[in-house]
Amino acid sequence: MAKLKAQLLEPPKGGGGKAEGFDVGKYGDARVALIGFPSVGKSTLLSTVTLTQSEVAAYEFTTLTCIPGIVNYKGATIQLLDLPGIIEGASEGKGRGRQVIAVGRSADLILMVLDAQRSSEQKEKITQELESVGIRLNQPRPDITFQKKAQNGVMFNSTCQLTHMNQEIARKICHEYKIFHAEILLREDATVDQFIDIIEKKNRSYIPCLYVYNKIDNISIEEINDLARQDDSVVISCNMQLNMDYLIERIWQKLGLVRVYTKRPGNKPDFTQPMILTERRDGHSIEAACVQIHREFASDFRCAFVWGKSTKHYAQRCGLKHQLCDEDVVQILKKNK
């Protein structure tokens, strides 16, 4: 079953020319993909929160390609991508599903736009389509260490009590993938599917997701209250422009963006252009800030002085692994050569 699922990720072989894709380059500090069924309001949402006007009509499949828009919020530039409506069988290539899913895999956040009147059915189907091609929504990467070895067979260990996995199951799964020597360490009670995800890690993406329930003006206040209280959910109305500011704030929070201001020795901090650190890409460490300034900056790093919420006192001397908080001020010193 795992092998058959993996084949869904492979493009069709032979015949014809190269399939047309969505050639949209990354821009800004983060990328957000709008995924949903046709006519749920993705294009209206893009036109409402950005300056880009995406075509809107009363019929399905109005959007036939990827349309980018930009949201500027708290000094960060967030790229929003309006994608064609997804349909059942998208993981198998129906309705340009492969292109839509490929863009979703490259995003830092997925906004699953749902019709509030049919939200449960749509949410289940889209999640299933994304799961079948290796996209895991709002799931942490399993805490499993897996290393191929040259000899000694399959060595299996765990640091907790296991209820789904054991050495024999791990050995059989490895043999299915023609892996006969490996070292495996489980630090959580992982399932068989999670273990397979680690073996197939090149085809797995762990992406945060916000479930956006549109058209709430068509349902009762009790139904709105139930949807709003669900995890990772936002209720909106694009036509009446309800709750749009809160949606942008939730996008910011879900992306895990942090603003960091730099300071030169002897000068005041520069509060005009913050450096934006993204949790999913490089994290919020001083090392990530150094890499964003210049690739070789971390190798010349001597120490850093930090002012802000992440410190116990002002001008705290910190190393590369120190985790920064939003609106911290950082002064980085290089080694003397």
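Data table
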{"read-out": "Residues that are crowded, with 18+ Cβ neighbours inside 10 Å and within 12 Å of Pro208 (Cβ to Cβ), drawn from region 258-285", "value": "Thr278"}
{"read-out": "Check on Tyr246, aromatic (Phe, Trp, Tyr), at pLDDT 90 or above and open to solvent by 30 Å² or more (accessible area, probe 1.4 Å)", "value": "yes"}
{"read-out": "From Ala30, Ala90, Ala19, residue being aliphatic (A, V, I, L, M), open to solvent by less than 40 Å² (accessible area, probe 1.4 Å) and at pLDDT below 65", "value": "Ala90"}
{"read-out": "Residues of region 191-217 satisfying the condition of being at pLDDT 95 or above and of a type in the set (Phe, Trp, Tyr)", "value": "Tyr211, Tyr213"}
{"read-out": "Positions within region 121-150 being polar (S, T, N, Q), assigned to a loop (DSSP other than H, G, I, E, B) and farther than 20 Å from Leu186 by Cα, in sequence order", "value": "Asn138"}
{"read-out": "Answer from Ile179, Ile173 - the residue that is assigned to a loop (DSSP other than H, G, I, E, B) and more than 28 Å from Val113 (Cβ to Cβ)", "value": "Ile179"}
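The values are calculated or read from the model by the stated rules, or taken from the named source; none is laboratory data. The structure presented is a predicted model; accordingly, all values stated were derived computationally and were not measured. Don't worry about glycine lacking a Cβ; one is built from the backbone with ideal geometry, like all the others, and counts go over all protein chains shown. Quick note on the areas: whole protein, heavy atoms, side chains included, nothing else; ligands and nucleic acids left out. Shrake-Rupley method; radii C 1.70, N 1.55, O 1.52, S 1.80 Å.
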